[in-house]
Amino acid sequence: MTEPVAKVQKLAYVRVGAPDFGDAERFLERFGLQVQYRSAERIYYRGTDPAPPCYVLGEGRGGVEAIAFEAASYEDLETLSRLEGASPVEASGDPAGGYLVRLVDPAGMTVEVVWGQNSGEALNPALPHAFNMDGLRAREGELPRIEQGASRVKRLGHLVLESADPAGLFDWYHKYFGLMISDAVRLPDQSPQMIFARLDRSETYVDHHVIGFQWALDERTRVQHVAFEVSNLDDLMSGHDHLKGGAYKHVWGIGRHLLGGQIFDYWKSPFGLIHEHWTDTDLLNNKHQAQDCQLADMKDYWGPEPTPAFLIARWNFKVVKNLFRLLKARSMAKKA
Ligand SMILES: [Fe+2]
């Protein structure tokens with residue numbers, strides 16, 4: 001693979017538009033994000049990790065309007081700004097400050113690359129406790145410390161970007177930002193159903209994926225879900241109960257993914273975008289050998305099948321046609 005223009009350091013934030021601010025705010029509070037700044041037009045949310053806001057809520061039709069990576073240096077912004085179609089380096093205009101360059105990917109998604117934002121101080125994470133499991137007796141004479149209520153979200157971890165051409169889109173993110181393939185899931189004709197891509201931080205271990213490039217059943221481009229790390233299983237389960245109390249739509253989970261390894265829990269927001277809590281991801285570095293997997297072999301370690309509300313953002317003729325192709329691929333391989 002070619003040497004990328006820049007190697008981004010992390011997924012910085014998503015800019016999300018929602019038609020009803022009040023509805024969106026109530027959901028995000030119950031989901032466990034915390035308000036860091038507020039203006040007349042936007043609310044900036046954070047997790048408990050010491051970092052600039054990871055979620056910018058504005059008014060919109062419902063969904064992610066831009067995704068943002070953090071650059072390793074100001075010089076990387078200057079290099080990216082010289083690419084065709086890129087904006088000049090400009091002050092971000094957000095309360096956390098910093099500078100950014102804007103690009104548009106081949107599927108039409110706005111991508112910001114940002115550098116120099118002010119980090120907030122760390123906030124209290126969910127309380128940890130030892131486990132009397134795996135033959136260990138690490139918690140003798142102590143009760144577990146578990147708070148009920150919203151999860152204490154730590155950070156934005158990954159998102160899944162759907163399009164008609166996941167392979168072409170991955171190539172673009174590799175070329176400009178250095179994303180690497182961790183695993184690919186293929187249809188019987190070997191076209192990708194999903195490419196899980198991680199950051200290239202050399203020997204430093206990073207999450208199994210920062211972006212999942214998924215083949216969209218309706219062949220449209222969208223961020224299908226945004227995913228946030230929580231501290232541990234107890235915090236994930238407490239958050240699950242709390243979201244249930246808000247009568248939000250639970251769309252998949254709780255389970256443990258085969259690719260990525262996370263314990264996951266997916267919820268649909270009132271503005272349509274799916275939000276995930278996860279804990280305990282697989283970590284990979286540059287020693288990892290990418291694997292090609294067949295869709296039919298994909299069975300999570302444990303947990304239920306995804307619901308139709310997770311798989312299908314909206315119904316149309318292409319969805320019916322492609323869903324048939326997908327189901328055929330699964331059943332063919334089961335017979336083989
Ligand atoms: Fe996910």
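Taken together, the values in this text are just the output of simple stated rules run on the coordinates, not laboratory data. Predicted model, so just to flag it, every value in this text is computed and none were measured. Virtual Cβ from ideal backbone geometry, glycine too; neighbours counted across all protein chains shown.
Structure notes:
- Beta bridges per DSSP with both ends in region 204-336, % antiparallel, nearest 5: 75 percent
- Relative to the 2.2 N^0.38 Å rule of thumb, region 162-264 has a C-alpha radius of gyration ratio of 1.22.
- The chymotrypsin sites (Phe, Trp or Tyr not before Pro) of region 196-232 meeting both criteria, a DSSP state outside H, G, I, E and B (loop) and at most 15 other C-beta atoms within 10 angstrom of the site's C-beta, are Y205.
- All lysines inside 29 Å of K287 as judged from Cα atoms, apart from same-chain residues fewer than 8 positions distant: K7, K10, K154, K175, K299
- Anisotropy class of the chain from Cα gyration tensor, a/c 1.5 cut: rounded
- Net charge of Cβ neighbours under 14 Å - reference K287; Lys, Arg +1; Asp, Glu -1: -1
- Of the chymotrypsin sites (Phe, Trp or Tyr not before Pro) found in region 42-143, those that fall in a DSSP loop while having at most 14 other beta-carbon atoms within 10 Å are F131.
- Integer Hz, Karplus 6.51/-1.76/1.60 couplings in order for region 149-155, x for Gly and Pro: x, 5, 4, 9, 4, 8, 6
- When Rg and the Kirkwood radius Rh are both evaluated on Cα atoms of region 32-72, their ratio Rg/Rh stands at 0.97.
- Distances between placed amide hydrogens fall under 5 Å for V251 paired with Y266, W267, K268, all partners being 5 or more residues away or on another chain.
- Cα-Cα P(r), region 37-166, percent of pairs per 5 Å interval: 2, 8, 14, 16, 16, 14, 8, 6, 6, 5, 3, 1, 0
- For H129, distant residues with modelled amide H under 5 Å away: none
- Value of [θ]222 nm, deg cm²/dmol, for the chain, DSSP H segments ≥ 4, -39500 (n - 2.57) each, nearest 500: -6000 deg cm²/dmol
- Approximating the spin labels as points 7 Å out from Cα along Cα→Cβ, the N118-to-A130 distance works out to 4.1 nm.
- Within region 171-273, the GluC sites (Glu not before Pro) that combine a DSSP coil assignment with at most 14 other C-beta atoms in a 10 angstrom radius are E203.
- From least to most packed, judged by other beta carbons within 10 angstrom and beginning with the fewest, D76, D20, D165 follow the order D20, D165, D76.
- Vicinal HN-Hα couplings computed from phi for region 315-329 (Karplus, 6.51 cos²θ - 1.76 cosθ + 1.60; Hz; Gly/Pro x): 8, 7, 4, 4, 4, 4, 4, 6, 5, 4, 4, 5, 5, 4, 4
- Interchain or long-range residues, amide H under 5 Å from A12's placed H: A68, F69, E70
- Shape metrics for region 50-100, restricted to C-alpha atoms - Rg then Dmax, Å: 12.6, 35
- Straight-line cross-link reach from K318 at under 22 Å between alpha-carbon atoms covers these lysines, not counting any fewer than eight positions away in the same chain: K328.
- Karplus-based coupling profile of region 49-66, in residue order and whole Hz: 5, x, 7, x, x, 10, 8, 10, 9, x, 7, x, 7, x, x, 7, 9, 7, with θ = phi - 60° in 6.51 cos²θ - 1.76 cosθ + 1.60 and x standing for Gly or Pro.
- In the chain, a dipole from Cβ-located charges (positive for Lys and Arg, negative for Asp and Glu) runs towards its positive end, and of A309, Y205, G85 it is A309 whose Cα lies farthest in that direction.
- Mean-position separation - Cα centroids, region 98-156 and region 248-292, in angstrom: 14 Å
- Here each label is just a point 7 Å from Cα along the line to Cβ, and for D280 and E59 those points are 4.4 nm apart.
- Relative contact order of region 168-235: 23 percent, from C-alpha pairs under 8 Å at least 6 residues apart in sequence.
- Volume per residue for region 93-247 equals 205 cubic angstrom (convex hull of Cα atoms).
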